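Note sheet for the following structure.
Please treat every number below as a calculation from the coordinates, not as lab data. Note that the structure is a prediction, hence the values are computed from the model and not measured. Glycine gets a Cβ as well: all are built from the backbone with ideal geometry, and neighbour counts include every protein chain shown.
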Amino acid sequence: MRITFHVSDELARELKEAARNEKRSVSSIVAEAVQFYLIEERKRRAIDKMLDLAGKGVVSDDALDELDKMREEDENRF
């Protein structure tokens, strides 16, 4: 899939240099970075949700099920 986005000139230079140094395409580096971001963001949301459930004083009976569900989604996502 093709996606267009804009970055600063400095970031573009650094990205091209990293691609050259690693003998990879700019696209592959950007795809990896986006994938990493999305995984980390899902983890952050899962942690926030778990802390919210724990912060209620009593952990919900379905808290472990919810955690397992989030882990399974991450494993199957990519």
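Miscellaneous remarks
- Furthest towards positive pole of dipole, M70, I39, L51, structure part the stretch 9-77, Cβ charges: I39
- Cα→Cβ-extended label distance, 7 Å offset, between D62 and N76, nm: 1.7 nm
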